[in-house]
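The structure under discussion appears below in the form of structure tokens.
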Amino acid sequence: MSDSSISVPAVKCCKKCGVEKSIAEFHRDASRKNGLYPYCKPCQNTCNAISAIIHRERKLARQAIYDSERREERRAYFANYRANNKEKVRASHAADYISHKDARLTKGAAYAATHREQRNANYHRYRSRKLGNGGSHTAQQILSLLEKQIGKCAFCKKDIRKGYEIDHITPLLRNGSNDISNLQLLCQSCNRRKSAKDPFEFAKQNGRLL
Ligand SMILES: [Zn+2]
Ligand SMILES: [Zn+2]
């Protein structure tokens, strides 16, 4: 179709606003019979702006649906993978656990070592105060006592540097003081055997005179 075959009128009525305007007020459109858009330029611009907004919103909505479908797909994929590879997943968790184990143990042991004396001192202060026995000792005094006992159980002389229990020579329950002078360090088994027995009786049984 050549330009000469298109009959272009001088004015045109806009199909949108209904106002008759000069053809210069209309965009050209070669695909149409009269070579012009049916809407005037301002109406066309408004329409374009509105459709751009609609287009953008539809696109965002489609994207959101797509994303949530992918998310569901991914979730289903991993759930399915876990269900079909239970051993592999378990092994991988176990490997993780083992690879972190040393660090965990070191951290735990260091923490326990620095806090054990303090915790024991706090605990005995609490119990002694509750029983009204009086006396007190510090974590540092416990460590000195361990040195004084040359790192050995006061009864069986087993090495207790790696683990000892603080014993009240006269038990708190028998009105023994919480003072360092009433304390001795025992191995676990001696402490268990002594527990709340009369200290003189226990010492006699173990061949030791207090
Ligand atoms: Zn118009
Ligand atoms: Zn012992």
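Looking at Ala154, Ala95, can you tell me which residue is farther than 17 Å from Gln188 by Cα and of a type outside the set (Ser, Thr, Tyr)? Break it down into steps so the answer makes sense when it comes.
Working: Ala154 fails: farther than 17 Å from Gln188 by Cα.
Residue meeting the stated conditions: Ala95.
Counting only residues that are more than 19 Å from Ala10 (Cβ to Cβ) and touching a residue at least 24 places away in the same chain (Cβ under 8 Å), give me the strands (runs of 3 or more DSSP E) lying completely in the range 20-76 with at least 3 of them.
On the way: elements: 20-22, 26-28, 36-40.
The strands (runs of 3 or more DSSP E) meeting that bar number zero.
A short reminder: the numbers here are calculations on the coordinates, not readings from a lab. Bear in mind the structure is a predicted one, so any value in this text is a computation, not a measurement. Positions of Cβ are generated from backbone atoms using ideal geometry, with glycine treated the same way; all protein chains shown enter the neighbour counts.
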